[in-house]
Amino acid sequence: MSYKFSFADNEIYSAADVNSITKRLVTSGIEDSFVDGVAYNISKFNSAGQLLYSSGVVPESCLTLKVIASGEGKILINPGFAFFNDGSVIEVEDGGEEMSYTKGEINYVYLKNDLVASNVSYPYCGTQEPVGDYVMLAVIDEKGVITDKRKYAQGKLPGYQSVTEGLMLLDETVGLTLTDYHNATGEVSFDIGANKYEYIISLGKIDHYEQRESVAIYRITDGKIASLARKGTTDAFFNDQKMYLYYDRVHKTITAVPSISDGVLTLKIDVQDYRDTLGDPGDTLYIDVKLIFI
């Protein structure tokens, strides 16, 4: 079994299990931890959670509890946490939970809270539609096509918020170091927090040239890049290694190689100007970075 749930009656939990409630909700800092050997009323923990957050998937990344195909007639639920309506928690652990589905029929994939009836919670994949307290993950149609149905938990108190539910725009000015008169490089990082984004998009246009534009798409799930730039109506350039942030084949061209780890977006940025002098080696060159997250 690659999942666990809490809190069920008549089960034994450690202080670490209880402290994990706080860990899911806040960052590190001063807090009063629960300690082994001190009596606590387990039945109250779920009620406390119910006051703090709504039901749904806890958005740690765009893959959290996402259902994907894993073989003939099988699916995999990716690792992650979810909250139920009563405040209880279920976690699919590292490696995910692989399950079979019924071919040729509509299947439902969800997390079921059955603590009242059977004192357990569990992932379900099958033809039975969900009822009661559950967190929906996906629907599989008769042809085996998986449709993502995840909804994300939201904090009920100020401070437990994220950027999970909407489009986000990053608009920052960053400084790069000139390596010579015509080139500048640098690495910058941005904390994008918990999110469900799957793509990062850059749109670039040179104001005084109508037909010099660029578009770049970075797919977060597998790191694939597709960049397209044009000069005039006939010249087009494709790049699958770097994102075009700004493009002018003759003058300044700005590219970036993105990566994401633990909610931090890192961009390795390179600026080249084949004609004009950007400054003296060692100087700082400031550029604007504008990205759209969807």
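The values are calculated or read from the model by the stated rules, or taken from the named source; none is laboratory data. Computed from a prediction, not measured in an experiment: that's the story for all the values here. Because the Cβ atoms are built from the backbone with ideal geometry, glycine has one as well, and the counts that use them run over all protein chains shown. Please note that ligands, DNA and RNA were not included when accessible areas were found on the heavy atoms of the full protein model with its side chains. Shrake-Rupley method; radii C 1.70, N 1.55, O 1.52, S 1.80 Å.
Details
- Within the range 108-122, tally of residues that are touching a Leu at 6+ places or on another chain (Cβ under 9 Å) and either more than 11 Å from Leu137 (Cβ to Cβ) or in a loop (DSSP other than H, G, I, E, B) (or both): 2
- Tyr160 vs. criteria part of a loop (DSSP other than H, G, I, E, B) and either modelled with pLDDT of 90 or more or surrounded by 12 or more Cβ atoms within 10 Å (Cβ to Cβ) (or both): yes
- Evaluation of Cys125 against (1) outside any strand (DSSP E or B); (2) open to solvent by less than 30 Å² (accessible area, probe 1.4 Å) (one fails), failing number: (1)
- Filtered residues of the range 169-187 (kept if over 20 Å from Ser227 (Cα atoms) and under 21 Å from the mean Cα position of the chain (by Cα)): Glu172
- Of all the listed residues (Glu60, Glu98, Glu105, Glu91), the sole one being open to solvent by 60 Å² or more (accessible area, probe 1.4 Å) and outside any loop (DSSP other than H, G, I, E, B) is Glu98.
- Residues that are exposed (fewer than 14 other Cβ atoms within 10 Å of the Cβ) and either of a type in the set (S, T, N, Q) or out of contact with any Phe, Trp or Tyr (no Cβ under 8 Å at 6 or more places or on another chain) (or both), drawn from the range 260-286: Ser261, Asp262, Tyr274, Arg275, Asp276, Thr277, Gly282, Asp283, Thr284, Tyr286
- Cβ pairs under 7 Å, 6+ apart, first in the range 169-186 and touching a residue at least 24 places away in the same chain (Cβ under 8 Å), second aromatic (Phe, Trp, Tyr) and not in a strand (DSSP E or B): His182/Tyr274
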